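One structure is given here, and the rest of the page talks about it.
The values are calculated or read from the model by the stated rules, or taken from the named source; none is laboratory data. Fair warning: this is a prediction, and the values are worked out from it, not measured in the lab. Note: ideal-geometry Cβ built from the backbone for every residue, glycine included; neighbour counts use all protein chains shown. Side chains are part of the model used for accessible areas, which takes the heavy atoms of the whole protein and leaves out ligands, DNA and RNA. Shrake-Rupley method; radii C 1.70, N 1.55, O 1.52, S 1.80 Å.
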Amino acid sequence: MMNRKIAFIGVGNMASAIISGITSREHNPVLWSDIVLYNRHSEKIQKYGESGAFIADSLEAAIEIADCVMLCVKPQNFQDVLPAISKCKNVKNKLFVSIAAGIATKTISEFVDGAAIVRVMPNTPMIIGKGVSAISRNYAVSDDDFTFVCDVFSSAGRVIVISEEEMNRIICVTGSSPAYVFMLIKAMCDGAAAQGLLKSAENPMGLEEKDLIDSICDTIIGSAELMKAGNKTPDEQISTVASKGGTTERALSELEKYRFCEAISSAMEKCTQRADELSSSNN
């Protein structure tokens with residue numbers, strides 16, 4: 001599958017998640033020797049050199065070596081990076097992959113002489129091979145190149161193919177949503193602690209914080225797997241847990257009081273709105 005050099009331009013949290021995910025899977029692994037890295041702060045990526053990746057000393061060197069160029073810089077930095085890339089040699093023959101929210105392929109295309117460009121919206125669970133990556137492509141991407149990118153990202157999770165017009169809307173569903181889940185975990189942990197479930201001098205038989213967090217996470221994972229395994233709707237699954245007059249019904253009533261579902265929907269709307277703002281300012 002591989003036999004292509006993949007250059008990562010910018011190695012922040014998301015790029016690190018991608019690298020970790022695609023180098024640690026047994027299925028379709030990416031070899032460390034296939035990876036080229038360039039970051040403005042090179043001291044932050046030296047650890048990858050110890051694993052076998054090539055640390056480029058310049059943007060130009062990284063792109064020259066690569067067959068596929070992963071653009072992993074922040075959207076607001078594209079206005080500096082794209083002009084620099086446009087001065088590199090032979091960019092038209094490179095395959096570019098952008099993970100930046102709100103940056104259209106047509107914007108990138110103007111700086112890379114109409115090269116093939118794939119847009120990807122990955123998420124951080126790629127680190128453990130459980131990611132979800134939404135992928136779209138521009139007109140210049142061949143089927144072979146698109147399959148290559150899909151294979152790279154599917155080696156660390158699920159891939160869903162969408163049109164570029166849907167890219168801003170999918171961010172709130174798969175890209176940003178791990179943070180919603182982490183916030184839920186934190187809220188549940190804080191709520192349990194407030195009720196005295198954690199071990200303390202007053203409660204020596206309480207749970208260690210790690211055990212509490214693991215229990216919450218396993219409950220969320222199990223619930224999600226049950227949802228995927230069955231043929232029930234979310235409302236039907238809620239009904240199987242919430243007995244009339246029981247504890248769950250009381251808890252759900254409180255969530256409705258604080259407009260839990262409306263808060264999630266509003267958060268998703270704001271997420272998409274921000275992606276649209278980035279699109280307007282960068283395209």
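Numerical summary
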item	result
Selected residue (criterion: modelled with the lowest pLDDT) from residues of the range 13-51 that are open to solvent by less than 40 Å² (accessible area, probe 1.4 Å) and in a loop (DSSP other than H, G, I, E, B)	V30
Test set (1) outside any loop (DSSP other than H, G, I, E, B); (2) without any contact (Cβ under 8 Å) to a residue 12 or more places away in the chain; (3) of a type in the set (D, E, K, R) - E202 fails condition number	(1)
Selection status of K106, in a loop (DSSP other than H, G, I, E, B), more than 18 Å from the chain's Cα centre (by Cα) and in contact (Cβ under 8 Å) with a residue 24 or more places away in the chain	no
Filter pass, A100 being in contact (Cβ under 8 Å) with a residue 24 or more places away in the chain, over 13 Å from K5 (Cβ atoms) and either surrounded by 18 or more Cβ atoms within 10 Å (Cβ to Cβ) or within 22 Å of the chain's Cα centre (by Cα) (or both)	yes
Tally of residues being open to solvent by less than 20 Å² (accessible area, probe 1.4 Å), over 22 Å from S20 (Cα atoms) and either in a helix (DSSP H, G or I) or not aliphatic (A, V, I, L, M) (or both) across the range 129-148	2
Failed criterion for K232 (all others in (1) out of contact with any helix residue (DSSP H, G or I) (no Cβ under 8 Å at 6 or more places or on another chain); (2) assigned to a loop (DSSP other than H, G, I, E, B); (3) surrounded by 12 or more Cβ atoms within 10 Å (Cβ to Cβ); (4) not small (G, A, S) hold)	(1)
So E164, is it among the acidic types (D, E) and open to solvent by less than 60 Å² (accessible area, probe 1.4 Å)	yes
Candidate set from the range 237-255 (those that are among the charged types (D, E, K, R) and open to solvent by less than 90 Å² (accessible area, probe 1.4 Å)); member that is nearest to L184 (Cα to Cα)	E254
Residue within the range 209-228 that is on the phi > 0 side of the Ramachandran plot, of a type in the set (D, E, K, R) and at pLDDT 95 or above present	no
Where N231 falls short, out of the listed (1) modelled with pLDDT of 95 or more; (2) within 30 Å of P122 (Cα to Cα)	(1)
Residue selected from the range 118-128 under the condition within 19 Å of T23 (Cβ to Cβ) and either open to solvent by 40 Å² or more (accessible area, probe 1.4 Å) or not hydrophobic (A, V, I, L, M, F, W, C) (or both), by the criterion farthest from the chain's Cα centre (by Cα)	I128
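Residues are listed down the side, and each one gets a yes or a no for (1) without any contact (Cβ under 8 Å) to a residue 12 or more places away in the chain; (2) over 30 Å from D34 (Cα atoms); (3) surrounded by fewer than 17 Cβ atoms within 10 Å (Cβ to Cβ):
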| site | (1), (2), (3) |
| --- | --- |
| S154 | no, no, no |
| I171 | no, no, no |
| T174 | no, no, no |
| P178 | no, no, yes |
| E209 | no, yes, yes |
| I213 | no, yes, yes |
